[in-house]
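First the structure, in the form of structure tokens, and then the observations on it.
The values are calculated or read from the model by the stated rules, or taken from the named source; none is laboratory data. Predicted, not measured: the structure shown is a model, and the values here were computed from it. All Cβ positions, glycine included, derive from the backbone under ideal geometry; neighbour counts span all protein chains shown.
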There are 2 protein chains.
Amino acid sequence: MSGRITIIGLGPGDARYLTHEADAALAAADTLFGYGPYLDRVPVRNHQTRRASDNREESARAMAALQCAAEGASVAVVSGGDPGVFAMAAAVCEAIDSGPQAWRHLDLHCIPGITAMLAVAARVGAPLGHDFCAISLSDNLKPWPMIERRLDAAAGAGFVIALYNPISRARPWQLRSAFDRLRRHLPGSIPVVFGRAIGRAGEELVLSSLADADPARADMATLIIVGSVETRVIEREGQSPLVYTPRSLQCASV
Amino acid sequence: MSGRITIIGLGPGDARYLTHEADAALAAADTLFGYGPYLDRVPVRNHQTRRASDNREESARAMAALQCAAEGASVAVVSGGDPGVFAMAAAVCEAIDSGPQAWRHLDLHCIPGITAMLAVAARVGAPLGHDFCAISLSDNLKPWPMIERRLDAAAGAGFVIALYNPISRARPWQLRSAFDRLRRHLPGSIPVVFGRAIGRAGEELVLSSLADADPARADMATLIIVGSVETRVIEREGQSPLVYTPRSLQCASV
């Protein structure tokens with residue numbers, strides 16, 4: 001056995017979302033790899049080396065981290081949210097799958113974190129209180145017709161839908177197209193939650209409806225939750241509304 | 001404003017999965033409500049009152065906690081995993097929706113936690129690395145045909161599927177039926193992960209396939225992840241295999 005590689009979920013924002021397990025894993029590493037803004041959230045420790053890279057370089061980062069671990073280092077790869085949800089854990093596994101045999105002998109661990117949809121849901125109540133799915137709207141890595149097919153299937157079967165990677169400069173039209181697609185299946189009254197930069201500076205929560213959902217409200221830091229026909233809104237005087245999906249569903253919606 | 005109610009996710013197991021935010025919220029409460037085994041995970045503090053209840057009494061617990069907060073207490077409702085995923089946050093929202101107006105004036109917060117599917121996924125690699133859904137197999141609160149329809153939709157559209165509440169003494173046949181249903185859509189070679197009591201005493205991980213998936217391997221403490229046709233297994237000499245779903249999917253499976 002040579003080195004060690006640990007892929008660590010930082011949660012959506014500042015240190016309050018870190019688990020004790022993630023804290024301990026961060027402290028135990030000698031070399032940290034990650035997207036710069038995620039690395040910036042990790043307290044500086046003098047004995048550690050930091051290797052920041054761009055967020056479009058996940059495969060290269062995974063390979064560099066594995067190579068560093070194979071040379072004997074104790075490597076941490078930091079990931080926003082949960083590393084297993086549209087993040088670095090799959091990138092590292094892909095690199096191992098197609099890389100040298102030595103990488104399979106590394107001591108590898110994943111440390112789960114609070115993924116964005118859980119943080120956004122907690123801010124508004126319990127919109128994920130019943131069956132739900134998570135779909136990335138990025139068509140960089142899969143064809144758009146597959147995304148449409150999944151939106152159709154999820155909306156048609158009554159899942160609440162969390163949309164990751166809704167929009168970027170390189171992908172400006174996909175979110176509008178996704179909302180249009182969902183409107184084929186779902187009434188306009190369905191609650192839609194835009195959660196931006198939850199737990200960080202510039203945090204913003206907007207409650208809209210499928211009829212009024214405006215793609216311009218989203219950016220790369222936004223996670224969107226589209227309710228099901230069962231999702232309800234509780235108005236509260238002097239406070240923001242609660243949004244939740246009941247545990248008990250009605251036969252009528254089968 | 002009268003009292004305060006905070007619904008806190010403990011994560012799947014011991015204190016290593018607690019976030020700093022959850023720690024602080026647990027310390028700030030004067031009255032704790034929860035299912036007994038979850039309360040038992042919270043360190044005892046002398047100034048706090050504990051009110052344990054059975055896990056089939058979620059609605060009654062939610063109402064008692066809200067009433068206690070309305071009388072001025074600072075209440076914490078503890079939940080295993082994440083409170084927003086098939087857990088107490090929806091139960092509390094339901095109680096507010098049908099309860100007295102005073103409950104809407106309470107200062108309410110949800111603190112997210114590591115839900116079981118993230119913990120199980122982290123143990124084996126990154127099976128949730130691409131689009132996925134979470135389905136509760138409990139037909140106590142929704143009709144079985146709706147569950148079948150969701151299994152059909154999810155498998156047909158290529159989602160990885162996390163199965164919560166797979167089996168219990170009162171629901172002995174549902175998991176076998178769900179596997180049979182999924183076999184209509186998916187090849188038998190698809191990886192299936194059984195994660196039992198992750199992060200707790202008696203933790204057990206089993207990697208199987210859809211063809212061989214044995215419902216008898218599951219109990220109330222088990223979370224099951226059924227892969228998609230894209231999910232891959234990396235064999236490793238002297239270590240358990242890695243299971244992951246690549247970020248980049250092939251057009252062929254549309």
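Here is how the numbers come out for the structure above:
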read-out: Qualifying residue in region A:132-139 (condition: surrounded by fewer than 24 Cβ atoms within 10 Å (Cβ to Cβ) and closer than 30 Å to residue A:72 by Cβ); value: no
read-out: Where residue A:171 falls short, out of the listed (1) modelled with pLDDT of 95 or more; (2) in contact with a Leu (Cβ under 8 Å, 6 or more places away or on another chain); (3) basic (Lys, Arg); value: (1)
read-out: Residue match in region B:101-115 (condition: aromatic (Phe, Trp, Tyr), out of contact with any Phe, Trp or Tyr (no Cβ under 6 Å at 6 or more places or on another chain) and closer than 30 Å to residue A:237 by Cα); value: yes
read-out: Tally of residues being in contact (Cβ under 8 Å) with a residue 24 or more places away in the chain, in a helix (DSSP H, G or I), at the interface with chain A (Cβ under 9 Å from one of its Cβ atoms) and of a type in the set (D, E, K, R) across region B:119-162; value: 2
read-out: Residues satisfying the stated conditions in region A:171-205, i.e. of a type outside the set (Gly, Ala, Ser), touching a helix residue (DSSP H, G or I) at 6+ places or on another chain (Cβ under 6 Å) and in a strand (DSSP E or B); value: A:193, A:194, A:205
read-out: Out of A:125, A:129, A:72, A:80, sole residue that is under 21 Å from residue A:28 (Cα atoms) and within 20 Å of the chain's Cα centre (by Cα); value: A:80
read-out: Any hit, region A:182-193, residues being touching a residue at least 24 places away in the same chain (Cβ under 8 Å), within 21 Å of residue A:87 (Cα to Cα), crowded, with 22+ Cβ neighbours inside 10 Å and assigned by TED's automatic domain parsing to the domain that holds residue A:135; value: no
read-out: Those helices (runs of 4 or more DSSP H) lying entirely in region A:1-110 with at least 3 residues within 12 Å of chain B (Cβ to nearest Cβ) and in contact with a helix residue (DSSP H, G or I) (Cβ under 8 Å, 6 or more places away or on another chain); value: A:20-28, A:58-70, A:88-98
read-out: Test: residue in region B:109-118 that is more than 18 Å from the chain's Cα centre (by Cα) and surrounded by fewer than 17 Cβ atoms within 10 Å (Cβ to Cβ); value: yes
read-out: Top-ranked residue of region B:67-95 - restricted to ones that are of a type outside the set (Gly, Ala, Ser) and surrounded by fewer than 24 Cβ atoms within 10 Å (Cβ to Cβ), ranked as farthest from residue B:44 (Cα to Cα); value: B:94
read-out: Residue within region A:224-233 that is touching a Lys or Arg at 6+ places or on another chain (Cβ under 8 Å) and in contact (Cβ under 8 Å) with a residue 24 or more places away in the chain present; value: no
read-out: Residue identified as within 30 Å of residue A:169 (Cα to Cα) and touching a residue at least 40 places away in the same chain (Cβ under 8 Å) among A:34, A:3, A:72; value: A:34
read-out: Restricting region A:215-254 to residues that are modelled with pLDDT of 95 or more and of a type in the set (Lys, Arg), the residue that is farthest from residue B:153 (Cα to Cα); value: A:236
